[in-house]
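Engineer: Okay, handing you the structure first.
The values are calculated or read from the model by the stated rules, or taken from the named source; none is laboratory data. Here the structure is a predicted model, which is why all the values come from computation and not from measurement. We place every Cβ from the backbone using ideal geometry, glycine too, and count neighbours over all the protein chains shown.
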Amino acid sequence: MQFIFRHRFRLLPTILNSNFKMKNIFILLSAVLLVSCQKVIDINPPKGEERVIIQAYLYEDSIARVVITKSTDYLNNTPPPSLGTGTVTLSDDHGNTETLLWNAVKQQYESVAMKGVVNDTYTLQVDFEGKTYKSISILPALEKNSSINIVFKPAQGFDEEGYYMQLTATLSMNTKLYYLFKGYQNDSLLNDVNYINYASNENTDGQIKDLDMYRYENDAVGKEAKLEVYSLTEPAYKFYNAASLQLNNDGGFFSTPPANVPSMFDNNAIGLFQCSSIQVLTKTIQ
């Protein structure tokens with residue numbers, strides 16, 4: 001059986017309901033409004049409910065990073081500003097607690113002492129404008145046995161000519177595992193592909209062999225191909241899943257309004273608390 005990516009989606013804004021749009025759900029979603037099919041529509045939808053949006057990331061051996069914003073009107077194409085007036089606290093299941101500091105340059109809250117540890121459980125609490133929002137997540141382990149190869153392929157069928165990054169890996173099958181993938185050329189996130197890939201191990205026999213991940217142009221010879229593999233919790237996977245379904249909605253004003261993305265935070269906040277272990281794979285394109 002092959003490793004099947006259940007969801008592969010473009011970096012477009014997530015539509016939460018018929019009244020408003022949430023921008024910057026996570027860094028990987030762009031703030032461009034329907035760039036591939038813009039239309040002039042002579043209607044003015046009413047302003048929707050304003051919601052707090054929390055983007056939180058904690059990776060193995062790395063500090064926590066948290067961004068707080070608010071939802072904007074559906075037709076407002078201005079990215080919402082990051083808000084630095086809250087109090088953000090990170091704690092683990094060993095009794096450690098830290099209040100994150102506001103980084104005015106990067107417009108995010110950051111931990112200083114606490115870093116991600118595999119299999120530890122973390123609670124993130126955000127106190128903002130008189131309300132408290134919490135999320136709890138384990139930092140799942142990642143089997144770091146993947147490898148990549150670069151092969152040149154001529155144009156054939158729907159496949160374009162170019163250098164293709166291929167993934168090989170062996171996956172455990174005794175439990176459900178979830179993954180997020182990011183491809184780079186040197187240190188730049190790939191724009192020509194413009195997709196984020198994420199998957200689970202449920203459609204495999206545990207063996208992944210030479211799976212095409214990303215394509216590089218012919219002039220990329222000599223540059224570095226890089227793949228970042230992230231472990232995901234099931235709630236984080238479901239968050240990306242729901243975002244994918246909404247991004248693949250036809251986008252029409254007369255289509256069925258999609259359901260809200262399931263939040264990993266309580267108290268009506270919308271957010272992602274992604275705790276991940278990471279493997280970074282590199283290969284020179286030649």
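Engineer: Name the residue that is surrounded by the most Cβ atoms within 10 Å (Cβ to Cβ), counting only residues in the stretch 91-138 that are within 12 Å of ARG65 (Cβ to Cβ) and in contact (Cβ under 8 Å) with a residue 60 or more places away in the chain.
Structural biologist: Applying the filter and picking the extreme gives LEU124.
Engineer: Okay, moving on. In this structure, is THR168 in contact with a Ser or Thr (Cβ under 8 Å, 6 or more places away or on another chain) and over 24 Å from ALA56 (Cβ atoms)?
Structural biologist: Answer is yes for this residue.
Engineer: In addition: Can you list residue pairs whose Cβ atoms sit under 9 Å apart, with the first residue in the stretch 240-267 being over 22 Å from VAL66 (Cβ atoms) and in a loop (DSSP other than H, G, I, E, B) and the second being at pLDDT 65 or above and not β-branched (Val, Ile, Thr)? Count only pairs 6 or more apart in sequence or on different chains.
Structural biologist: Once the first residue is over 22 Å from VAL66 (Cβ atoms) and in a loop (DSSP other than H, G, I, E, B) and sits in the stretch 240-267, its partners that are at pLDDT 65 or above and not β-branched (Val, Ile, Thr) give PRO258/ALA242; PRO258/LEU245; PRO258/GLN246; ALA259/ALA242; ALA259/LEU245; ALA259/GLN246.
Engineer: List the number of the failed condition for LEU101; all other conditions in (1) at pLDDT 95 or above; (2) within 26 Å of LEU180 (Cβ to Cβ) hold.
Structural biologist: With respect to (1) at pLDDT 95 or above; (2) within 26 Å of LEU180 (Cβ to Cβ), LEU101 is out only on (2).
Engineer: Let me ask something additional. In the stretch 228-266, which residues are of a type in the set (Ser, Thr, Tyr) and modelled with pLDDT of 75 or more?
Structural biologist: TYR230, SER231, THR233, TYR237, TYR240, SER263 - these are the residues of the stretch 228-266 that are of a type in the set (Ser, Thr, Tyr) and modelled with pLDDT of 75 or more.
Engineer: So ALA141 fits all but one of (1) touching a strand residue (DSSP E or B) at 6+ places or on another chain (Cβ under 7 Å); (2) of a type in the set (A, V, I, L, M, F, W, C); (3) surrounded by fewer than 18 Cβ atoms within 10 Å (Cβ to Cβ); (4) farther than 29 Å from ASP266 by Cβ; what number is the exception?
Structural biologist: Of everything listed in (1) touching a strand residue (DSSP E or B) at 6+ places or on another chain (Cβ under 7 Å); (2) of a type in the set (A, V, I, L, M, F, W, C); (3) surrounded by fewer than 18 Cβ atoms within 10 Å (Cβ to Cβ); (4) farther than 29 Å from ASP266 by Cβ, ALA141 misses just condition (4).
Engineer: Among the residues of the stretch 227-244, write down those that are within 30 Å of THR284 (Cβ to Cβ) and surrounded by fewer than 19 Cβ atoms within 10 Å (Cβ to Cβ).
Structural biologist: Matches in the stretch 227-244: GLU228 only.
Engineer: Output the number of the condition that GLN166 fails; it satisfies all remaining conditions of (1) under 25 Å from CYS275 (Cα atoms); (2) surrounded by 12 or more Cβ atoms within 10 Å (Cβ to Cβ).
Structural biologist: Evaluating GLN166 over (1) under 25 Å from CYS275 (Cα atoms); (2) surrounded by 12 or more Cβ atoms within 10 Å (Cβ to Cβ) leaves (1) as the failure.
Engineer: Give the residue that is farthest from the chain's Cα centre (by Cα), with candidates limited to residues of the stretch 100-156 that are within 19 Å of ILE54 (Cα to Cα) and outside any strand (DSSP E or B).
Structural biologist: Within the stretch 100-156, the match that is farthest from the chain's Cα centre (by Cα) is GLY130.
Engineer: While we're looking at this one, here's another question. Scan (1) surrounded by fewer than 17 Cβ atoms within 10 Å (Cβ to Cβ); (2) at pLDDT below 95 for the single condition LYS283 breaks and write down its number.
Structural biologist: (2)
Engineer: Does ASP127 meet the test of being under 30 Å from PRO81 (Cβ atoms) and among the acidic types (Asp, Glu)?
Structural biologist: Yes: the conditions hold for ASP127.
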